[in-house]
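Here the structure comes first, spelled out in structure tokens, and everything after it is commentary.
The values are calculated or read from the model by the stated rules, or taken from the named source; none is laboratory data. Just so we're clear, the structure is a prediction, and the values are computed from it rather than from any experiment. Here Cβ is always computed from backbone atoms with ideal geometry, including for glycine, and neighbour counts include all displayed protein chains. Note: accessible area is taken over every heavy atom of the protein model, side chains too, but ligands, DNA and RNA are not part of it. Shrake-Rupley method; radii C 1.70, N 1.55, O 1.52, S 1.80 Å.
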Amino acid sequence: MVTATPSTSKKTVGARKTAAGKSRTGRGPDAVALLEADHRAVEKLFAQFEKARDTDRKKVLAEKICLELKIHTQIEEEIFYPTSRDFLDDEDIVDEAVVEHAAAKELIAEIETMQPSEELYDAKVTVLKEQIEHHVEEEETEYFPKLQKTDMDMKAVGVMLKARKGELMGQMGGGQGGAVQ
């Protein structure tokens, strides 16, 4: 599990306090919309990977997939999941998401040490895709709708998610994007 840095912990506590209001019309991205945009970006990368025939292209795409997923899981684990726990009666839905992240992170670590020419490389990327599809479906059909019925301030949390994502993209060498090329 990813542990929060002291500055992130303060931000998370602040989000919990700020998120108590119903103010959803403020400036900034909605947390759910931001996370769903990440889901769509990764889906596009997986589709590009499936079509790729060149091993160099596969490597570049797999690296992008892994980077996007590492950043996405980290912002969810540092900010979104802890904050949402304060507003949901269903602890199991959050716990399952954390466990699904752990499984995905194991595959990501394996993929990052491999080359596309190695046996099982494509299979591991395919299994990662299937795990992520399952995770996304549960988040978007169960977790997010439950959370959207609460008083959590999606704008305040979205601002924090966006800021942390920008920091992580810079630290991990992904620039400020997240855009699919």
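Worth pointing out:
- Filtering region 9-53 to residues that are among the charged types (D, E, K, R), at pLDDT 65 or above and assigned to a helix (DSSP H, G or I) leaves 36, 38, 40, 43, 44, 50, 51.
- Flag for residue 160 being open to solvent by less than 70 Å² (accessible area, probe 1.4 Å), assigned to a loop (DSSP other than H, G, I, E, B) and either modelled with pLDDT under 95 or farther than 17 Å from residue 42 by Cβ (or both): no
- Each residue in region 44-63 was checked for being more than 17 Å from residue 118 (Cα to Cα) and in contact (Cβ under 8 Å) with a residue 60 or more places away in the chain, and 4 pass.
- Of all the listed residues (80, 87), the sole one being hydrophobic (A, V, I, L, M, F, W, C), in contact with a Leu (Cβ under 7 Å, 6 or more places away or on another chain) and open to solvent by 30 Å² or more (accessible area, probe 1.4 Å) is 87.
- Residue count for region 94-107 satisfying the condition of being more than 23 Å from residue 125 (Cβ to Cβ) and either surrounded by fewer than 13 Cβ atoms within 10 Å (Cβ to Cβ) or at pLDDT below 95 (or both): 1.
- The listed residue being outside any loop (DSSP other than H, G, I, E, B) and touching a residue at least 12 places away in the same chain (Cβ under 8 Å), out of 76, 106: 76
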